[in-house]
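Take a look at the structure set out below.
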Amino acid sequence: MRVNATGRVLHDPKGGSFRFDAGALCLDFAHTGGEGQYAIFETLHEPADLAEWLAQPPLTAVMTVPVTAGELTDAKALRRAIWDAAHARAARRPLPAEAITAINRAATAAPLAPELGADGVTAGWASPVRAVQALSAMAREMIELLSGPFAERIRECASDNCPLVFVDTSRPGARRWCAMERCGNRHKLRALRARQALEP
């Protein structure tokens, strides 16, 4: 089951924010922070941060069992694996073996089970709702993405200094930027300035 991604608002530690839709929930999750140079973007500091992220749409998985420190560690390992696998696919390189192993490991847990509400028209997740189930759902989505028809549409933003990755689900398949309001507009502005500099 693919979860329709609606994107998230990303915040720059230096100021500013923008809406970024990676095209898949698992890729949105890959942009919640990281290690090394990406540590300044970290948003999952405590187990409660992971619970809050998972509770947001489109997943809307409100935990009925508190997220543990171990699950937060597992979530960050899955996030790293998704990030590494997506960048490898975008660059048309073989996927790192450790990323494949981590994604497959996370997918072995039982995923979230949908449940029809008493009104017969709304749906939610059957209790108990645990973080490990949500991680499994995202790992399974990543497996589907990497092995399915959109695998060749996983791309890195065309800006030379933006590492954001996304899957281009548009009909023409012509998406180049993480977001037009960010890197797309910057590119247009640079191109305009370059043309103006050439004018007599």
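General observations
- Normalised by the number of residues in region 12-156, the average gap of Cα pairs under 8 Å and 6 or more apart makes the relative contact order 25 percent.
- Extreme residue, positive dipole direction of the chain, given options V62, T101, A158 (C-beta unit charges): A158
- Extended-chain gain in nm, criterion 0.36 nm per residue less alpha-carbon gap, A174 and A97: 24.7 nm
- Taking 4.7 Å between C-beta atoms as the pairing limit, the chain has these partnerless cysteines: C26, C183.
- Taking all protein chains as shown and a probe of 1.4 angstrom, T60 keeps an accessible surface of around 70 Å².
- Counting heavy atoms of the protein chains alone, V121 has an accessible area of about 120 Å² for a 1.4 Å probe.
- Over region 12-111, the Kirkwood radius and the radius of gyration, each from Cα atoms, give a ratio Rg/Rh of 0.96.
- Solvent exposure ordering (accessible area, 1.4 Å, most first) of H87, H45: H45, H87
- For W125, the accessible area of its heavy atoms, probed at 1.4 Å with every protein chain present, is near 60 square angstrom.
- Helices of the chain meeting both criteria, an alpha-carbon length of 27 angstrom or more along the long axis and an average Kyte-Doolittle score not below -1.0, with helices taken as full DSSP H segments, are 69-90.
- Cα coordinate range in the chain, projected on the principal axes (Å, largest first): 70, 40, 34
- Summing +1 for each Lys or Arg and -1 for each Asp or Glu among the other residues whose beta-carbon sits under 13 angstrom from that of A69 gives -3.
- Length, then width, then depth: along the principal axes, the Cα atoms of region 14-65 run 34, 25, 19 Å.
The values are calculated or read from the model by the stated rules, or taken from the named source; none is laboratory data. Remember, it's a predicted structure, so these values are computed and weren't measured experimentally. Using ideal geometry, Cβ is built from the backbone for each residue, glycine included, and neighbour counts are taken over all protein chains shown. When the accessible area is computed, the model is the full protein with side chains, heavy atoms only, and any ligands, DNA or RNA have been set aside. Shrake-Rupley method; radii C 1.70, N 1.55, O 1.52, S 1.80 Å.
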